[in-house]
Amino acid sequence: MKAEPSPVDKGGGAGRPRDPRIDAAILRAAAELVVDVGYSNLSLAAVAERAGTTKTALYRRWPSKAELVHEAAFAVPPSAVTAPPGDVAGDIRAMMAGARDVFTSPVVRAALPGLIADMAGNAELTERVMSRFEGLFEVLRQWVADAVSRGDVRSDVDPGRLLEMIGGATLFGLMLHPDADLGGDWVDQAAAIITHGLVV
């Protein structure tokens, strides 16, 4: 049974607040469908039908399929979980484990190849999509600044490069081992390699 469209979906006009129930239904439908049919076969019409709303409502919220699927797949972006202050190795391991947990989820596994293809060569789309991770970037920037101030990490460590190493290692690990979950040993070894390149 389809949900009754909210006032905003009935063309309530600019300035009306979005109905979070419709947002949630759309994101849930997109996540389910990308696992069922894959990114390339996913249509916004199918998402709208499953969510009980309209394509207009989707486009009012997300201007492209890539942005909708990205938000559905990364409903909770990878987090930079912190261990007790000064435990650089513990922090890096927590970050690796967090990235692993997100990237190995069924939704992200199904969405990533198509997302990467759509974002390649489209700088504007990439910028809009990655802006959703700004909170994560800021947490990591602050983590590096605090670690440098304590003398735990070299002053020339770039937070952006560190994030690329964590995310890149995870993505490449999934490419090499598509049916694996990248277990604790993988996390430990990857974190150790990164940590040994950070500590003073």
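What follows is calculated from the coordinates using simple rules that are stated; it is not laboratory data. For clarity, every value in this text was computed on a predicted model and none was experimentally measured. When we count neighbours, we look across all protein chains shown, and the Cβ atoms used for this are built from the backbone with ideal geometry, even at glycine.
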Review point. Based on the Cα coordinates of the chain, what is the per residue volume of their convex hull in Å³?
Key: 144
Exercise for review: Count the net charge of all other residues whose Cβ sits under 15 Å from the Cβ of Gln142, scoring Lys and Arg as +1 and Asp and Glu as -1.
Suggested key: -4
Check your understanding: In nm, to one decimal, how far is the Ser64 label point from the Met175 one, both placed 7 Å along Cα→Cβ?
Key -> 2.1
Revision key, fill the gap. With the charge dipole of the chain built from beta-carbon charges (+1 for Lys and Arg, -1 for Asp and Glu) about the Cα centre, the Cα from Met95, Val76, Trp143 projecting farthest to the positive end belongs to Val76
Review point. If one puts a single equal scatterer on every Cα of the range 88-196 and applies the Debye formula without solvent, what log₁₀ I(q)/I(0) results at q = 0.09, 0.21 Å⁻¹?
Key: -0.26, -1.23
